[in-house]
Number of protein chains: 2
Amino acid sequence: MIGAITKQIILSQRARLTPPSPIRRLAHLSTQAKANGTKVYHLNIGQPDIETPKEFLDGIKNYSEKVLAYEGSAGNEQLRKAWSNYMNASLGLSTEPAQFLITTGASEALIFVFMICCDPGDEIIIFDPTYANYIGFAAIAGVRLVPVPCTMDSNFSLPSRFEIEKRITSRTKAILLCSPNNPTGTVYSRDELQMIVNLCNEKNIFCVVDETYREFVYGDRQPLSVLHLDPRNDKIIVVDSLSKRFSLCGGRLGCLLTSNKEVLQMSLNLAQARLSSPTIEQIAAAQMLNSISSDFLGKAIKEYEKRRDTLYDGLKAINGVNVHKPEGAFYAIAKLPIENAEDFASYMLRDFSYNGATTFVAPAAGFYMEGGRGMSKIRIAYVLNSEDIKKAISILEAGLTKYKSIK
Amino acid sequence: MIGAITKQIILSQRARLTPPSPIRRLAHLSTQAKANGTKVYHLNIGQPDIETPKEFLDGIKNYSEKVLAYEGSAGNEQLRKAWSNYMNASLGLSTEPAQFLITTGASEALIFVFMICCDPGDEIIIFDPTYANYIGFAAIAGVRLVPVPCTMDSNFSLPSRFEIEKRITSRTKAILLCSPNNPTGTVYSRDELQMIVNLCNEKNIFCVVDETYREFVYGDRQPLSVLHLDPRNDKIIVVDSLSKRFSLCGGRLGCLLTSNKEVLQMSLNLAQARLSSPTIEQIAAAQMLNSISSDFLGKAIKEYEKRRDTLYDGLKAINGVNVHKPEGAFYAIAKLPIENAEDFASYMLRDFSYNGATTFVAPAAGFYMEGGRGMSKIRIAYVLNSEDIKKAISILEAGLTKYKSIK
C-alpha cells in the first residue's frame, strides 16, 4: 500500500537481552560451508557420535498405543521409578521416584528452577566461564547471574569460599554448579562440593547442581553426586539429563530431583501449564534404564577418555596454544594465540579449508559473563572419534597459521 | 537431628502465583477412584480418543538414525516445509517455511510469545472465560492478563469493540484470541476477527491467535485462519498445534507462525536456549503431513459434530442445566444448578458412582479470570464416543440429583 505507515512494535527487553547461543549462532556459516562442498568437523557442540542404546531405540520402535496421549505433567511413572532405581543402583543413593519431576531436557528443569527460586531481579551465583545457556535461562527468567571468576591457571577449580561468599547479597537465591563442568571439563572435588553445600546451608539459599555429565570422569575418579554428601538436604536441587549419558540429545529427557516438597509442588504447577513432556521418549527411556547394562556407559567413558587424551596432546603441541587437561565431561577450553576467537571461528568456516575440510569450534566469549576474559579462547567438544579429532586439530593448526599470516 | 533448625527458603512470588491446572488438579481423585475399581469417564481434559494417524505412528516406528541427535532450534526443516505446505493446500494460504518456528507444543509457542511481546508488568487482553493455561503462562512470564467478559447468553461471542478498546493501556502489548475457543467452543466470525485485527493495527499491538482447533468447525462453517484476513500483517502471530487435529497430544508438536522477522529472530534466541524440540516426533510429523489424506480430518470432524450434538441434547435435557451449543472445538461450558462446581466435581470422583462408574468434569472457575463468574459452571471436553458421552451424562445427572439432595 502506497503511503501506508507501518509502525514497528518494540519487543520486550528480556527478549532483546536473550543472547543467541554461542554454540549455535555460527551454524549458518557451517551450513554454507557444507553447501560449498567442504567437510566440517564439529567440535562446536556437545552432540555425541556414540550410538544411542538399542534398548532405547527398540522402545521407540515398539511404541504400540493407538492414541498418542498426553503424559502426566510430573512425567511417566515408570520413568520416575526407573530413573530413581538407576541412580540408586549405580551410585549407591536412596532417591525416591516422588522426588523426580521429568522435564523436556535439563534445559526445562533449569528454567523451572530459575523461575521457582527467583523473582525478576533476584540473583544466582555461577562460576565463570559458565554453560552459555544459563545466560539465556537467566534472561528468560529475569534473573541476575553473578559470576565468580575461575581461571585456566587453576584448572578452573572453584575459587575460595571467601571469593564466593563476598558476592552473596540479600537477593541471592542460589548457587548453581555444573560438575563435571561444561564448558571447562573440570570435575569439582568432594571438598569443593561440600564447601558449597555448607555455604548454602549457612546462607539459607539453594544449592543447584547440574549433573548432566556426572558419570564422565576420567582416570581413577568415581562419579560423585551432590546427593552423596547430603541426601536429604531440602536446599539441594539436582538437575539431570539422559542426553549425554546415553547419547540421546534429541530425546529431550531431563529431570529435576529434590527432597524439597515445596519445590516439587511449584515445579508441578509450572509443568502443568505446559501439560506434559513428550510421551514416547519417556516410555522408551524407562525401558532402557530398566534393562541397559553398565557396560554401555563404561565403554563410552573409556572412549571419551581416549579422545580427551588425543585432544589434549594435539592442542598442547600447537605453538602458542594454551590448554588445561579436562578431568571430565567432554569439553575443554583452549587459549589461542590470536585476539578474537569469534572472528577466527567464522574465518575457519567462511574462508578456510584444508584438503576440502574445516573445523568448527565455539568461540569461548559466549561462555564468559565477564567481558574480555574469553576473547582469545575457544570451547572444544571432543565428541568425534580420535582419528577425526586428530584431523580436526591438524586443520585447526593449519587454519591458525594461515589466519595469523593474513591478520 | 535433634535441635537442628531448618529454615525454609521462601520461593518466588511468580511460582506461588502459578496456579495448578484446573484441568489436572483433581487428577489424584480420579486416580484414587480408579484404584477403588470405579470406571471414570473423562470429560475433563481435551485428550481425544480418535486414533493417531498411521502415517505418524509409522514415522515413529521407521526412525532409523543410529544417534538420536539434537534437532535444529527452529525445528526440523522438513517439518517447517510440510506444515507450511499443509496449511497452504488445505486453507488456500501462502505461508512460507521460514515463517514457522517449531515448538514443544503450542504451550511453548505461547510462552515464547508472552516473553517476546511483554516485559513483566505488561498486559495482554484476553476473553473471559479463557484457556486456563494462559493464566499459567502469564504467571510464568509476569504478564498481567486483562479479561474482557464474554457471556453464555451471547454464546460467548466477542464483546463490542468499545468494551475491548477501553481496556487498552500504554502497557497493552497484545490481544490474544483462541478460535475455535477452548473452553467455550465458540467460533469467532470473520467480522469479529477483522475487528480485532483492525484494533491491533490502530493501537500498534500484536494480534495473537491460537488456532489449535482451527479445523474443528461444525455445520456449514469453513476453517478460518486470521491469516485469511491479512496474510502479511507483521502484527499477527499465529500459534498452532498438531495435538488435537491429528490426535497426537503426547507428541508435543506446536509452532509459532508470523511474517514478523524480529519476532522470529527473538523466538529463535529463546529456542536456542532450550536447544531443540524432540527430534523423532518432528520427523514423523513431517512424513505424516506430506502423506495424510484429508479424509482423516474430515471423518474426525464429523465424529466430533455428532458428539457435540449428543452432548448438547443430553445436557439440555437435564433439569436446571444451562448450556450453549458450541460451534467448534470440542468443549462446552455448562451451568449447573449448584453453587460450587469444584466441590461437585470432587464429589463425583470421591463419593459418587453409578453402576460402578463416575464422570470427571473440570470445574469452570479455573477458566475464569473474573472471580465468581464460573463458580457453578463446568467445562466439558467431548472427546469420548457418543455412547460413552450418553453414559457419562446419565451419571452426571444422577450425581447432580444425589449431590443436591445431600447439600
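The values are calculated or read from the model by the stated rules, or taken from the named source; none is laboratory data. Bear in mind the structure is a predicted one, so any value in this text is a computation, not a measurement. Cβ coordinates were reconstructed from backbone atoms using ideal geometry, including for glycine residues, and neighbour counts include every protein chain displayed. The area values use the complete protein model at the heavy-atom level, side chains included, leaving out ligands, DNA and RNA. Shrake-Rupley method; radii C 1.70, N 1.55, O 1.52, S 1.80 Å.
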A:Lys235: which aspartates and glutamates have alpha carbons under 20 Å from its alpha carbon, excluding same-chain residues fewer than 8 sequence positions away? A:Glu96, A:Glu108, A:Asp119, A:Asp122, A:Glu123, A:Glu165, A:Asp191, A:Glu192, A:Glu202, A:Asp210, A:Glu211, A:Glu262
Stretch in chain B that is longest and holds no GluC sites (Glu not before Pro) that DSSP places in a loop and that have at most 13 other beta carbons within 10 Å: B:66-338
Most fluctuating of B:Ala300, B:Ala106, B:Ala285 in the GNM of chain B (C-alpha, under 10 Å) is B:Ala300
Could you give the semi-axes, largest first, of the ellipsoid that matches the range A:61-134, computed as the square roots of 5 times the alpha carbon gyration tensor eigenvalues and rounded to whole Å? 29, 19, 13
Per residue in the range B:269-288, which ones lose no less than 50 Å² of accessible surface when going from chain alone to all protein chains (1.4 Å probe)? B:Asn269, B:Leu270, B:Gln272, B:Ala273, B:Leu275, B:Pro278
Counting only helical runs of four or more DSSP H residues, what would the 222 nm mean residue ellipticity of the protein assembly as shown come to if each run contributes -39,500 (n - 2.57) and the total is spread over all its residues? -12500 deg cm²/dmol
So, with +1 on the Cβ of K and R and -1 on the Cβ of D and E, and no other charges, what is the size of the charge dipole of the range A:141-200 about its Cα centre, to the nearest 20 debye? 340 debye
For the protein assembly as shown, Rg(Cα) over 2.2 N^0.38 Å is 0.96
Considering the dipole of the protein assembly as shown built from charges on the beta carbon (Lys and Arg +1, Asp and Glu -1) around the Cα centre, which of B:Asn76, A:Thr104, B:Met195 is farthest to its positive end? B:Met195
For q = 0.18 Å⁻¹, what log10 I(q)/I(0) does the range A:258-407 give under the Debye formula with an equal point scatterer on each alpha carbon and no solvent? -1.01
Compute the label-point distances linking A:Lys299 to its equivalents in the other copies; points lie 7 Å from Cα along Cα→Cβ; give nm, one decimal, shortest first. 4.3
B:Phe162 label points, 7 Å along Cα→Cβ, one per copy: pairwise distances from this copy to the rest in nm, shortest first? 7.2
Using only the alpha carbons of chain A, determine the length spanned along each of the three principal axes and report them from longest to shortest in whole angstroms. 62, 60, 52
When the charge dipole of chain A is computed with +1 on Lys and Arg Cβ and -1 on Asp and Glu Cβ about the Cα centre, the Cα farthest towards its positive end, among A:Pro19, A:Ile164, A:Val148, belongs to A:Pro19
To the nearest 20 Debye, how big is the dipole of chain A about its Cα centre, given +1 on the beta carbon of each Lys and Arg and -1 on that of each Asp and Glu? 1000 debye
Mind checking which aspartates and glutamates have their C-alpha under 15 Å from A:Lys54, skipping anything on the same chain fewer than 8 residues away? A:Glu281, A:Asp295, B:Glu65
Nm distances between copies for A:Gly92, ranked from closest, using label points 7 Å along Cα→Cβ: 7.2
Give the shape of the range B:1-104 as rounded, prolate or oblate, defined through the alpha-carbon gyration tensor: a ≥ b ≥ c are the square roots of its eigenvalues, a/c under 1.5 means rounded, and otherwise the shape is prolate if a/b is larger than b/c and oblate if not. prolate
Provide Rg and Dmax in Å for the range A:149-219, with only Cα atoms included in the calculation. 12.4, 41
Enter the per residue convex hull volume of the range B:89-131, computed from alpha-carbon coordinates, in Å³ rounded to the nearest integer. 141 Å³
Protein-protein interface of the range B:218-254, residues with accessible area decrease of at least 30 Å², isolated chain reference, 1.4 Å probe: B:Lys235, B:Gly250, B:Arg252
Shielding by partners - mean other protein chain Cβ count within 10 Å, residues of A:14-22: 6
What total accessible surface area, summed over both chains, is buried at the interface between chains A and B, computed with a 1.4 Å probe and given in Å² to the nearest 100? 6800 Å²
At 1.4 Å probe size, with every protein chain present, just tell me what the per residue accessible area of the protein assembly as shown comes to in Å². 36 Å²
Positive-end residue of B:Ile301, B:Thr52, A:Val321, charge dipole of the protein assembly as shown with Cβ unit charges: A:Val321
Magnitude of the charge dipole, the protein assembly as shown, Cβ model with Lys/Arg +1 and Asp/Glu -1, debye to 20: 440 debye
If you roll a 1.4 Å probe over the range A:33-83 with all protein chains in place, what percent of the accessible area is carbon or sulfur? 47 percent
Drop in accessible area of at least 30 Å² in the complex versus isolated chain, residues of the range A:49-85, 1.4 Å probe: A:Glu51, A:Thr52, A:Leu57, A:Ile60, A:Lys61, A:Tyr63, A:Lys66, A:Val67, A:Leu68, A:Tyr70
Using a ≥ b ≥ c from the Cα gyration tensor of the range B:138-295 (square roots of the eigenvalues), is it rounded, prolate or oblate, where a/c under 1.5 gives rounded and otherwise the larger of a/b and b/c decides, a/b for prolate? oblate
